[in-house]
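Scroll down for the structure; my scribbles are underneath it.
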Ligand code: CP3
């Protein structure tokens, strides 16, 4: 069936004169209306688990900017929480979790399909959104990739170099691989439930893929992405999947073919010209404007936006940032970016 939604057309391989656009973290602290709803919810996790308010914040950037896609408002760390990890957020610092460092910690985790009670409000948010979005807006569901989620579960927090996860990988490979497999299986259940609730596209965030080198990238970034993609494609062949092995560098090349994803999201450390030649040759790409332009604005924002649109104009492309928009961004710069994309 021919697709009418621009994002689905790009994901089906169509080259469009004006690429569709959305933005990572488009619902977030740079928006005053987000801050107001978050204050109403109390804290970030209460906002994630309140389906009505999570629906509201997902819709806010669609109302304000008319993005071509909405991304479910939730977090990649809800899966560890549903598996039984303690999770809380320290204001100004980020997430904290109970750690997985030995077999005993691992044995206390729930079975991979024993997550749905905790995550039921998230599925309700997806159902709300599929009824509430404008007809032209695509609904994206998501999860963290197993490696990235494991880095937080092992360290109990974000780390600059994912040191604790690399240490466990070397010192207790069996436990590390068992944890990755538990997350992989839980993620397949979680994403399947999002699709059942109405998600039209799935994105897998591997934010720390760049710290896996050589054979480790193949084993712990590529293979889990392939396993999740294969499981979802077997059940839902029509649902496109976007992979985001952030800072993969040369490992972006061939990633779509090797994993089966329909689109590779690019961070801004790779040049659009290089990525057009080496990654877009295999299909749709997404990206990759540096988030700092949303803070600094000016002519550089417009020029760089046009450079990216032009570099990817020969094939299927979804315009996006190279990573999430930051809280200090100016919403007016978001509008300037959208205007620059749509005017070309
Ligand atoms: O993109 C969206 O608008 C959808 C919602 C979304 C959030 N987090 C909301 C959020 C998505 C897709 C994520 C993914 C996520 N969460 C990732 C992968 C993408 C990436 O950024 O690399 C990661 C690593 C996380 C884990 C996480 N969540 C961290 C490290 C933090 C703290 C850092 C920060 O930005 O504050 C969060 C919090 C978080 N997740 C916020 C939002 C809007 C900020 C929470 C707040 O309101 O204070």
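Among the conditions (1) surrounded by fewer than 22 Cβ atoms within 10 Å (Cβ to Cβ); (2) in a helix (DSSP H, G or I); (3) within 13 Å of the ligand (Cβ to nearest atom), residue 76 misses just one, which is (2). Pairing each residue of the range 78-105 that is free of Cβ contacts under 8 Å to residues at least 24 places away in the same chain and within 25 Å of residue 191 (Cβ to Cβ) with any residue that is within 13 Å of the ligand (Cβ to nearest atom) and not in a helix (DSSP H, G or I), provided the two are 6+ apart or on different chains, yields C-beta distances under 7 Å for 86/97.
If you scan the range 174-222, which residues turn out to be closer than 15 Å to residue 122 by Cβ, more than 14 Å from the ligand (Cβ to nearest atom) and surrounded by 22 or more Cβ atoms within 10 Å (Cβ to Cβ)? Correct list: 186 only. Of the residues making up the range 86-112, just one is within 15 Å of the ligand (Cβ to nearest atom), assigned to a loop (DSSP other than H, G, I, E, B) and within 21 Å of the chain's Cα centre (by Cα), namely 93.
Here 316, 240, 245 are screened, and the one residue that is away from the ligand (no atom under 16 Å from the Cβ) and within 16 Å of the chain's Cα centre (by Cα) is 240. In the set 119, 129, 139, 133, only one residue is surrounded by fewer than 20 Cβ atoms within 10 Å (Cβ to Cβ) and within 16 Å of the ligand (Cβ to nearest atom); that residue is 133. Would you pick out the residues in the range 25-53 that are in contact (Cβ under 8 Å) with a residue 60 or more places away in the chain, more than 9 Å from the ligand (Cβ to nearest atom) and buried (at least 18 other Cβ atoms within 10 Å of the Cβ)? Residues satisfying the conditions are 30, 31, 49, 50, 51. Looking only at residues in the range 148-173 that are more than 10 Å from the ligand (Cβ to nearest atom) and closer than 30 Å to residue 55 by Cβ, the one that is surrounded by the most Cβ atoms within 10 Å (Cβ to Cβ) is 153.
Every number here is computed from the coordinates shown, using simple stated rules; none is lab data. On a predicted model such as this, the values are computed, not experimentally measured, just so you know. Glycine gets a Cβ as well: all are built from the backbone with ideal geometry, and neighbour counts include every protein chain shown.
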